[in-house]
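The values are calculated or read from the model by the stated rules, or taken from the named source; none is laboratory data. Remember, predicted model here, so these are calculated numbers, not experimental data. Heads up, the Cβs are rebuilt from the backbone with ideal geometry, glycines too, and the neighbour counts pull from every protein chain shown.
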Amino acid sequence: MRSRIPGLGQLVTLGLVSLLAFTASAAEKYSENPGTAGDGNFTIGPDYKPDPDLSDRGNPKGKSFTFSMALADSKIFPGTDKTLDPVKKPVNKERKISVYVPAAYKDGTKAPLLIIHDGPGPLGSIRNALDNLTISKDPNRSLPAFIAIAVQNGGNDGKKSERGLEYDTMSDRLARFINDEVLPAVLNNAEIKAAYPHLAFTANPWGRGVIGCSSGGAAALTMAWFRPDLFRRVIAYSGTFVDQQDDDAPEEAQYPLGAWEYHSGKKLIETSELKPLRIFTHVSEKDIRPNDAEETHHNWVMAGNRTAAALKAKGYHHRFVYSLATGHCDGKVFQQTLADTLVWVWRGYHAE
């Protein structure tokens with residue numbers, strides 16, 4: 001189809017280490033009816049136009065915060081895994097956490113949230129979208145007042161790197177890290193607490209989204225895939241649905257082809273139970289990273305298309321964008337589509 005884009009069961013203790021998650025019984029009571037508007041496959045380009053809702057339109061601003069977390073203090077990603085090669089691919093000593101609380105958020109309410117991989121990444125555009133669309137009077141073009149949390153990766157890229165370990169590994173480890181360590185750190189940050197003494201996050205997994213590009217895009221799907229009790233809304237641009245999992249990772253025993261398994265002969269998506277997820281994926285016509293071999297380009301585009309086909313065949317609420325004349329994590333694609341993508345992925349959400 002070618003067209004232009006139109007406009008649970010686990011408790012985690014709240015405290016310094018972990019955050020209260022939605023229980024299965026509570027999740028069953030929540031329901032939403034997003035309909036099928038915006039679902040399907042879309043081809044865009046080769047001409048692109050920035051969406052005004054991603055720019056500063058003079059609307060009321062929220063508050064921004066930044067702090068750091070030392071990798072050595074983490075119980076989940078301390079930067080010392082045996083799969084790493086810190087000589088060739090150094091590991092960061094700390095990761096920056098950037099937080100934006102929109103003006104529309106009311107202190108004390110249980111806020112939905114969006115995790116942004118490779119932070120700050122598209123946080124600036126997302127901040128503008130929140131400023132513009134949380135006050136929108138158009139019910140088909142609005143956003144809930146979610147809190148955006150951009151999390152920096154642990155350093156470097158590809159196999160044997162900390163970023164690769166965090167993003168390309170087929171497990172629930174990253175989801176646990178965000179839920180058990182990052183979210184409590186945000187809630188307990190002194191500067192944030194001073195501004196919002198009653199800040200709270202929703203425990204409803206439908207109120208928790210993840211966005212990323214490249215390996216961060218694959219990680220967005222993997223977080224929700226393995227932990228739909230924690231995260232259910234997925235945005236993956238130029239997703240790395242190829243094999244970049246460390247060859248000596250324990251997960252190789254079950255998923256020897258890494259994220260390629262989502263659409264491989266294993267047909268992970270199609271042979272698994274239908275999960276309660278809402279998923280956006282994208283691939284560019286020339287989706288290849290600098291210094292990658294030409295065959296990687298073919299594999300990348302193939303992987304993006306095959307992942308989209310598998311999600312459609314399984315019956316997911318899915319939106320897939322194929323962008324012409326664009327490259328890997330292309331800024332032109334973000335500037336045209338991100339507002340539409342956010343509106344679509346949050347369609348149907350409401351506070352409990």
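When the stretch 260-286 is filtered for residues that are under 14 Å from Val301 (Cα atoms) and among the aliphatic types (A, V, I, L, M), only Val283 remains.
Report yes if Ala104 is aliphatic (A, V, I, L, M), in contact with a Ser or Thr (Cβ under 6 Å, 6 or more places away or on another chain) and either at pLDDT 95 or above or not in a loop (DSSP other than H, G, I, E, B) (or both), otherwise no. Answer is yes for this residue. Among the residues of the stretch 76-93, those that are under 22 Å from the mean Cα position of the chain (by Cα) and surrounded by fewer than 17 Cβ atoms within 10 Å (Cβ to Cβ) comprise Ile76, Pro78. Here Pro250, Pro205 are screened, and the one residue that is surrounded by fewer than 20 Cβ atoms within 10 Å (Cβ to Cβ), of a type outside the set (Asp, Glu) and either closer than 23 Å to Ser74 by Cβ or under 19 Å from the mean Cα position of the chain (by Cα) (or both) is Pro250. Asp51 falls short on exactly one of the conditions (1) of a type outside the set (Ser, Thr, Tyr); (2) touching a Leu at 6+ places or on another chain (Cβ under 9 Å); (3) under 22 Å from Ala219 (Cα atoms), and that condition is (3). Would you please name the residue that is surrounded by the most Cβ atoms within 10 Å (Cβ to Cβ), looking only at residues in the stretch 155-202 that are touching a strand residue (DSSP E or B) at 6+ places or on another chain (Cβ under 9 Å) and among the β-branched types (Val, Ile, Thr)? Looking at residues that are touching a strand residue (DSSP E or B) at 6+ places or on another chain (Cβ under 9 Å) and among the β-branched types (Val, Ile, Thr), I get Ile178.
Check whether at least one residue in the stretch 206-228 is assigned to a helix (DSSP H, G or I) and farther than 27 Å from Lys160 by Cα, and report yes or no. Checked against the condition, which is being assigned to a helix (DSSP H, G or I) and farther than 27 Å from Lys160 by Cα, the stretch 206-228 yields at least one hit. A residue that is among the charged types (D, E, K, R), closer than 17 Å to His318 by Cα and buried (at least 24 other Cβ atoms within 10 Å of the Cβ) cannot be found anywhere in the stretch 260-277.
The set of residues in the stretch 321-331 being surrounded by fewer than 23 Cβ atoms within 10 Å (Cβ to Cβ) and either among the acidic types (Asp, Glu) or more than 10 Å from Glu285 (Cα to Cα) (or both) consists of Cys329, Asp330, Gly331. Number of residues in the stretch 53-72 that are closer than 14 Å to Tyr100 by Cβ and either touching a strand residue (DSSP E or B) at 6+ places or on another chain (Cβ under 6 Å) or assigned to a strand (DSSP E or B) (or both): the value is 6.
Val234 falls short of the stated requirement of being part of a loop (DSSP other than H, G, I, E, B) and hydrophobic (A, V, I, L, M, F, W, C).
Every listed requirement among (1) touching a helix residue (DSSP H, G or I) at 6+ places or on another chain (Cβ under 6 Å); (2) modelled with pLDDT of 95 or more is met by Leu19 save one, (2).
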